[in-house]
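Right, one structure below, let's go through it.
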Amino acid sequence: MGGAEIPRQSGPPNEPIRVLIADDHVLFRRGLEMVLSQESDFALVGEAADGEEAVRKAADLLPDVVLLDVRMPKLSGIEAAAAIKEVAPVAKIIMLTISDEESDLYEAVKAGATGYLLKEISIEEVATGIRAVHEGQSLISPAMASKLLNEFASLIKKDPRSSNRVPAPRLTERELDVLRLVARGRNNREIARELFISENTVKNHVRNILEKLQLHSRMEAVFYAVREKLLDIN
């Protein structure tokens, strides 16, 4: 990519997904660039080698999706994620990391990340993940989703205020079914297959859940549901 940056332009609804890559390892950035540049629905708009640069470029370029390494100089990926949500609130953030620690995952979600991928996956799988997050899905592997639920439950037990909440809005049985599967790391297609409904119906259920709970992301809904004991996570 040679460091070139593509200015933001208005365009038709099918314009490519604009991606910013932030990782302090040059070879990893180059690998991502090589794979994503072969996909016609992506536009690589910029790259950053540290967290501060990632925030600056996100503010300037307003990408659709930002790929952030958790461990970076100057600002960590988690700190950068929180700052990016301030300067480019519509950008979707995917954390790419070697860390499978529950605390890192929880902090990333709290900072606004909607995806969390381990670097052990193939780079080709990252392209699929970018598309999923851009479409509004949360992107966390089932194994990591299980860890996230355990972390949520542990934090809630330590929170003395958790027993003194306003009653939760009532979700239908079908909405609870969808939310349970979201909490297990299932994507829309997998949820549709498991519940024998269409993907559009899944999307409508998720939209209704977020509206009822007055939340903005699927992972926020999962945390809320665990806190309010709407989900059995055993």
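Scanning residues 5 or more positions from residue 48 or on other chains, those with amide H under 5 Å from its amide H are 21, 22, 23, with H placed 1.01 Å from N in the peptide plane.
Filter 57/92; 74/119; 85/229 down to the pairs with a C-alpha to C-alpha distance above 24 Å, please. Table pairs above 24 Å Cα-Cα are 85/229. Taking 0.36 nm per residue of sequence separation and removing the Cα-Cα distance, the residue 119/residue 208 pair yields an extension gain of 28.7 nm. With θ taken as phi - 60° and the Karplus curve 6.51 cos²θ - 1.76 cosθ + 1.60 applied, the whole-hertz 3J(HN,Hα) list for the stretch 34-48 is 4, 6, 5, 5, 7, 9, 5, 9, 10, 10, 7, 8, x, 9, 9 Hz, x standing for glycine and proline. In terms of its alpha-carbon gyration tensor, the stretch 34-103 comes out oblate; a/c meets the 1.5 threshold, while b/c is at least as large as a/b. Across the protein chains, with a 1.4 Å probe defining accessible surface, the residues 60, 23 rank 60, 23 from largest area downward. Here the Karplus relation 6.51 cos²θ - 1.76 cosθ + 1.60, evaluated at θ = phi - 60°, turns the backbone of the stretch 67-77 into coupling constants of 9, 10, 6, 5, 9, 9, x, 6, 10, 5, x Hz, with x for every Gly and Pro. Residues 42, 28, 196 ordered from highest to lowest accessible area at a 1.4 Å probe: 196, 28, 42. Largest to smallest in accessible area, the residues 177, 104 fall in the order 177, 104 (1.4 Å probe, all protein chains included).
Along the stretch 171-180 the Karplus relation, 6.51 cos²θ - 1.76 cosθ + 1.60 evaluated at θ = phi - 60°, assigns HN-Hα couplings of 9, 6, 4, 5, 5, 5, 4, 5, 5, 4 Hz to successive residues, with x for each Gly and Pro.
The values are calculated or read from the model by the stated rules, or taken from the named source; none is laboratory data. Keep in mind it's a predicted model, so treat the numbers as computed, not measured. The accessibility values were calculated without ligands, DNA or RNA, using every heavy atom of the protein model including side chains. Shrake-Rupley method; radii C 1.70, N 1.55, O 1.52, S 1.80 Å.
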